[in-house]
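Notes follow once the structure below has been shown.
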Amino acid sequence: MKTGMTQQQYQKIEAGADPRLSTLLRLLEGMDLEMMLVPRQRVQEVQALLDGTQTDPE
């Protein structure tokens with residue numbers, strides 16, 4: 001396992017366990033993902049940027 005977690009740990013999370021932040025960060029690292037916190041009022045802008053549909057601000 002890329003994250004150093006056991007199959008049992010994965011199964012608990014898949015079954016609905018509430019993982020610690022450190023566990024979530026390890027999972028993200030294993031999937032080569034980055035967690036980003038975005039203010040709610042900016043979510044649409046960030047999504048548009050990720051989708052490649054960003055328009056220039058007026």
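The values are calculated or read from the model by the stated rules, or taken from the named source; none is laboratory data. Keep in mind it's a predicted model, so treat the numbers as computed, not measured. Positions of Cβ are generated from backbone atoms using ideal geometry, with glycine treated the same way; all protein chains shown enter the neighbour counts.
General observations
- Close pairs from segment 22-42: first among the small types (Gly, Ala, Ser), partner modelled with pLDDT under 95, Cβ under 9 Å, at least 6 apart: Gly30/Met1; Gly30/Lys2; Gly30/Thr3; Gly30/Gly4; Gly30/Met5
- Subset of segment 26-50 that is outside any helix (DSSP H, G or I) and aliphatic (A, V, I, L, M) - its residue that is nearest to Thr6 (Cα to Cα): Met31
- The residues of segment 25-47 that are of a type in the set (D, E, K, R) and surrounded by 13 or more Cβ atoms within 10 Å (Cβ to Cβ), listed by number, are Arg26, Glu29, Glu45.
- Residue within segment 44-58 that is touching a helix residue (DSSP H, G or I) at 6+ places or on another chain (Cβ under 6 Å) and modelled with pLDDT of 90 or more present: no
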